[in-house]
Amino acid sequence: MNAYKKSMFTMTVEDREQKLARTYLFNTLNGALARIEDKDWPGIPDGPFEIDGRDDLRALAEQGFAVPAETDERAVFILWKAQHVHDCSTIKSKVLVTRWCNLGCVYCIMDHEPTVMTPETALAMDRFYMELIREKGPALVEDNYLGGEPFLNEKVIVESASRRFYFCRGKEIDYRFSVTTNGTLVSPDIVRRLVDAGLSSIRVSLAGPAEIHNRLRPFKSGKGSYAVILENLKRISGLVPIGVECQYDAASQDYRRIFEMVDQLIGQGVQLESIAFTPILPRRTNNRFDAGFSNPEIQLELYRQAALRGFPVFENPPCSACMADFRAQLVFDADGSIIPCPSLQGGEMALGHVERGVDFIEESQRLERKLPEECFLCELLPLCQGGCRLQALTKGGDFDGVDCNRKALALHVENYVRRKGGGVGLKGP
């Protein structure tokens, strides 16, 4: 008879709020989810066990919650990750069309630089990108234009997105792109031109109602920007899906007023399709915001409140994997450099250039991220994979290091499991 053991990727989540107490099992590698009534659940044995004659254990083994006792799950993870790292069924890019911005946000993670992508550089970028798409043959291409403030270089966005749109359409590849903006320059005319080129959404960064937003995200002159953004969003509402990203300081109580802003936007006729919440993260220099993910209950409560207002809730498990770890996710800098993260400085840690292509050796070293031994003892590894490289650089000076936010990730995964497994709403802290 073959012996089995509990998979290291099996996460157990208890739910004691139902009349019948339940236990959920979630496999963080393959996404399998099982809900078991506790009266029928003795638990997976701690040591090696046999499954013959045990239909319950056999069913769990079939879903990956238990594996043959001799299985090397480190090797399983390494192969699984390699498949994801090199998967090009979807190709994504972020394009910094400028590193300049008209706002002077007090927490901006980047130092503003005067670099602006020229039409010539954009053309070279698109030629490189389209050749990559032709070679890999993805089913979907998703791009995001950002900055700085991207609408300071509107012409390049329109020209680049149009080239990509018509190229992909000619190859019968689904194409879409979004623009991440501070909202101060967006207009109906701009949106209409971009919609014709495949614009799928606009994401606007906000920090709360006027009092809070103007303190954290003023114009460079010091003047508040909230009223301008509100008027612009009212004018483009209905032309394209609008998403809002709210950045909050986890060390303050400002987050409690975020929904004052949301209710005002809706009350003013702004049709919001989605809303996201992100704590202000530490930056490498002159940092005054260092709380980061130290209080994950805040983010959880904000998403609970959003769900109560009818905003969509994430359908996939929470994940903190870094885009710099995947070959099919590229970042094009304003000067044509290909860099691993859009929040690095101009040309920093470049993997190549649009006129020369990717340096294969440099890329191979970047993708080969060596994780410490303790990561291979954590059931959350497939969802974390070492976390954000930029924060690893910020906190420890090593872009190839690990940014562990186990407490925050575990809390979000537990809520996801309860919501998907129990058919109940998000739970607050």
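The values are calculated or read from the model by the stated rules, or taken from the named source; none is laboratory data. For clarity, every value in this text was computed on a predicted model and none was experimentally measured. All Cβ positions, even for glycine, are placed from backbone atoms using ideal geometry, and neighbour counts span all protein chains on display. Remember, those area values only see protein heavy atoms, side chains included, never the ligands or the DNA or RNA. Shrake-Rupley method; radii C 1.70, N 1.55, O 1.52, S 1.80 Å.
Conditions tested, residue by residue: (1) modelled with pLDDT of 85 or more; (2) outside any loop (DSSP other than H, G, I, E, B).
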residue: K5; (1), (2): yes, yes
residue: M8; (1), (2): yes, no
residue: T12; (1), (2): yes, yes
residue: K19; (1), (2): no, no
residue: F26; (1), (2): yes, yes
residue: L29; (1), (2): yes, no
residue: P42; (1), (2): no, no
So the helices (runs of 4 or more DSSP H) completely within region 316-429 holding 3 or more residues that are under 20 Å from the mean Cα position of the chain (by Cα), within 30 Å of D111 (Cβ to Cβ) and not polar (S, T, N, Q) are 389-396
G208 fails exactly one of (1) open to solvent by 20 Å² or more (accessible area, probe 1.4 Å); (2) within 24 Å of the chain's Cα centre (by Cα), namely (1)
Within region 150-205, restricting to residues that are assigned to a helix (DSSP H, G or I) and either polar (S, T, N, Q) or in contact with a Cys (Cβ under 9 Å, 6 or more places away or on another chain) (or both), the one that is nearest to T121 (Cα to Cα) is S160
Of the candidates L199, L185, the one satisfying the condition of being buried (at least 20 other Cβ atoms within 10 Å of the Cβ) and within 25 Å of the chain's Cα centre (by Cα) is L199
Over region 59-88, the set of residues part of a helix (DSSP H, G or I), open to solvent by 30 Å² or more (accessible area, probe 1.4 Å) and farther than 17 Å from S7 by Cα is A82, Q83, H84
Those residues of region 44-58 which are open to solvent by 20 Å² or more (accessible area, probe 1.4 Å) and either in contact (Cβ under 8 Å) with a residue 12 or more places away in the chain or under 21 Å from E414 (Cα atoms) (or both) amount to I44, P45, D46, G47, P48, E50, D52, D56
Those residues of region 153-181 which are open to solvent by less than 10 Å² (accessible area, probe 1.4 Å) and either under 26 Å from N232 (Cα atoms) or modelled with pLDDT under 95 (or both) amount to V156, I157, S160, A161, F177, V179, T181
### Query
In this structure, is A321 buried (at least 21 other Cβ atoms within 10 Å of the Cβ), of a type in the set (G, A, S) and either at pLDDT below 90 or under 21 Å from S93 (Cα atoms) (or both)?
no
In region 303-314, anything crowded, with 17+ Cβ neighbours inside 10 Å and within 17 Å of the chain's Cα centre (by Cα) is listed as Y303
Among residues of region 277-297 being without any contact (Cβ under 8 Å) to a residue 60 or more places away in the chain and not in a loop (DSSP other than H, G, I, E, B), the residue most open to solvent (accessible area, probe 1.4 Å) is T278
Of the candidates V106, V95, the one satisfying the condition of being open to solvent by 40 Å² or more (accessible area, probe 1.4 Å), within 25 Å of V204 (Cα to Cα) and among the aliphatic types (A, V, I, L, M) is V106
